[in-house]
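Student: The following block contains the structure, expressed as structure tokens.
Each reported figure results from applying straightforward, stated rules to the coordinates on display, with no laboratory input. Quantities reported herein were computed from a predicted structural model and do not represent experimental measurements. As a convention, Cβ positions derive from the backbone with ideal geometry for all residues, glycine included, and neighbour counts pool all protein chains shown.
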Amino acid sequence: MIKLNINIDHVATLRQSRMGFAPDPIEAAKIVKESGVNGVVMHLREDRRHIQDEDLVRFKKNPQLKKFHLNLEMAPTKEMFDIANKIKPNVITLVPEKRKELTTEGGLNIKKNSRILKLRLKNLHPSIKVMLFIDAIKTQIDASINLGPRTIDGIELNTGQYARLEPHQYKLFKKEFDKLKIAAEYAHEKGLHVAAGHGLDTGNLRILTSISQIMEYNIGHSIIGDSIFFGLKKSIKRIQDIIER
């Protein structure tokens, strides 16, 4: 069963543009749950540009969202690990973060940050699973596996570069697709759960689903954008239909 998680950050982005209370990402999470997907993704950024600490608290306390899957995306900082240990999401996905970036620009460099990652993971609550958002590079997959003693549950392959290309850019498109396919196969062989995300939409997702080793998709921006025209439930169903086919 391929999992689909919906990133609801940009519901909060719209709310924060007025610094008010609406639209509420928690209400969006309820609709996401009603749509029958696996869960939601919420990225608590260091600059708090969209999701706020209180959103995580309200999500966990809401009786309608009890036991609904929460994937907390976060930078590997002490502050974020402290918050994760308090909130206890089902999964954390560790991502790189730059204050001035519009969105996440690349995967986390595991090789470069292995020392600090080992230190942080050692103090993580044992009930929380760990995913790493990385580029489709074998050495980064190997570095992820070797982070021990805390077991890494899986990786999320960064599909940003793939998603920015159009199918008519055939050579570049095929090159990025092949990189993702090789990385997914390699990670699967190594026993890792393989997810994919960043920039995926109803156009570029179709071809990507031919990679059978990818068992989870995390999609947000395109769904929230499409919901302006189609509504949130229908926008989610458009993605579900592609994955199911």
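Student: Among Phe59, Phe68, Phe173, whose mean-square fluctuation peaks in a Gaussian network model of the chain (Cα, cutoff 10 Å)?
Tutor: The residue with the greatest mean-square fluctuation here is Phe173.
Student: For a footprinting-style exposure proxy, rank Tyr162, Tyr186 by other Cβ within 10 Å, fewest first.
Tutor: Tyr186, Tyr162
Student: With springs only between Cα atoms under 10 Å, which of Met80, Met19, Met215 fluctuates most in a Gaussian network model of the chain?
Tutor: Highest fluctuation among the options: Met19.
Student: Among residues other than Lys233 whose Cβ falls under 15 Å from its Cβ, what is the net charge (Lys/Arg +1, Asp/Glu -1)?
Tutor: Here the charged neighbours net out to +1.
Student: A follow-up question, please. So what's the gap between the Cα centers of segment 216-236 and segment 18-71, to the nearest angstrom?
Tutor: Cα centres, segment 216-236 to segment 18-71: 15 Å.
Student: Still on this structure, I have one more. Past 30 Å, Cα to Cα: identify those pairs from Lys3/Lys175; Lys61/Lys233; Lys60/Lys112; Lys3/Lys179, in the order given.
Tutor: Result: Lys60/Lys112 exceed 30 Å.
Student: So which trypsin sites (Lys or Arg not before Pro) in segment 1-104 are both in a DSSP loop and have at most 15 other Cβ atoms within 10 Å of their Cβ?
Tutor: Qualifying residues, ordered by number: Arg18, Arg48, Arg49, Lys66, Lys67, Lys98, Arg99, Lys100.
Student: What is the sum of charges around Leu192, taking Lys and Arg as +1, Asp and Glu as -1, for the other residues whose C-beta is under 13 Å from the C-beta of Leu192?
Tutor: -3
Student: Taking only DSSP H segments of four or more residues, each worth -39500 (n - 2.57), what value at 222 nm results for the chain once the sum is divided by all its residues, to the nearest 500 deg cm²/dmol?
Tutor: Value at 222 nm, helices only, nearest 500: -13000 deg cm²/dmol.
Student: What's the exposure ranking of Thr202, Thr159, going from fewest to most Cβ atoms within 10 Å?
Tutor: In order of increasing Cβ crowding within 10 Å: Thr202, Thr159.
Student: Another question, then. Short version: what are the Cα gyration tensor semi-axes of segment 3-244, square root of 5 times each eigenvalue, largest first, in whole Å?
Tutor: Sorted largest first and rounded, they come to 25, 24, 16 Å.
Student: At a 10 Å Cβ-Cβ cut-off, how would you order Glu185, Glu73, fewest neighbours first?
Tutor: Ordered from fewest to most neighbouring Cβ atoms within 10 Å, Glu185, Glu73 come out as Glu185, Glu73.
Student: Under the definition of Cα pairs under 8 Å and six or more residues apart, what whole-number percent is the relative contact order of the chain?
Tutor: 19 percent
Student: Now for a different question. Could you tell me the calculated FRET efficiency between Glu54 and Thr139, based on Cβ-Cβ distance and R0 = 51 angstrom, to the nearest 0.05?
Tutor: With a Förster radius of 51 Å, E is 0.85.
Student: So which trypsin sites (Lys or Arg not before Pro) in segment 159-239 pass both tests, a DSSP loop state and at most 16 other Cβ atoms within 10 Å of the Cβ?
Tutor: Listed in order of number, the matching sites are Lys190.
Student: Can you give the extra length, in nm with one decimal, that the chain gains between Arg18 and Lys3 once fully stretched, where that is 0.36 nm per residue apart less the Cα-Cα distance?
Tutor: Separation in residues times 0.36 nm, less the Cα-Cα distance, equals 2.1 nm.
Student: Sort out for me the Cα centre separation of segment 178-213 from segment 125-142, rounded to whole Å.
Tutor: About 14 Å separates the Cα centre of segment 178-213 from the one of segment 125-142.
Student: Mean-square fluctuation check for the chain, GNM, Cα pairs under 10 Å: which of Ile207, Ile128, Ile219 is largest?
Tutor: Answer for the Gaussian network model of the chain: Ile207.
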